[in-house]
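S.K.: I'd like to ask you about the structure that follows.
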Amino acid sequence: MRSGSHRAAVVLLAASFGCATAHDEHATFVEKLAQWRGRDVGELFHAVGKPMRTFEAANGNPVVVYEINTVVGDTPYYSTGAGMPYYPTARNGTRLCRVEFEVDRQNQRVVDARSSGDGCP
């Protein structure tokens, strides 16, 4: 289970990539990602929060990774009792959207932004 701060970061990330309508949802999402290119990585961290993980690209640049998990299905959640956490039911599933920002190691600016997964708009 993710910590509260990671959940908040995911919510902020999803909100910052908010979409206008179902028809142009993917195009809007891609445009929002592209707007990060050229911006200081500190701005990204301030807006979205600490990334879930980082790794080094083949060219030596750091890549910061955010993941958005979305529960989908016909039954929201059920509770195991008062004060107990909620869990997905068997009729639900999860979808993952992984968002990666490549950062120029010299000037700390975002040089690429890309997404993958079945949970991305």
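The values are calculated or read from the model by the stated rules, or taken from the named source; none is laboratory data. Predicted model only: the values in this text are computed from it and were never measured. So basically every Cβ, Gly included, is an ideal-geometry build from the backbone, and we count neighbours across all protein chains shown.
S.K.: Looking only at helices (runs of 4 or more DSSP H) that lie completely in segment 1-116, which have at least 2 residues being on the phi < 0 side of the Ramachandran plot, surrounded by 10 or more Cβ atoms within 10 Å (Cβ to Cβ) and at pLDDT below 85?
M.R.: Those helices (runs of 4 or more DSSP H) span 4-16.
S.K.: A further question on this structure: Write out, first by first residue and then by second, each pair whose Cβ atoms fall under 6 Å of each other, whose residues are 6+ apart or on separate chains, and whose first residue, in segment 50-63, is in contact (Cβ under 8 Å) with a residue 40 or more places away in the chain while the second is in a loop (DSSP other than H, G, I, E, B) and hydrophobic (A, V, I, L, M, F, W, C).
M.R.: If the second residue must be in a loop (DSSP other than H, G, I, E, B) and hydrophobic (A, V, I, L, M, F, W, C), the pairs left are Val63/Ala57.
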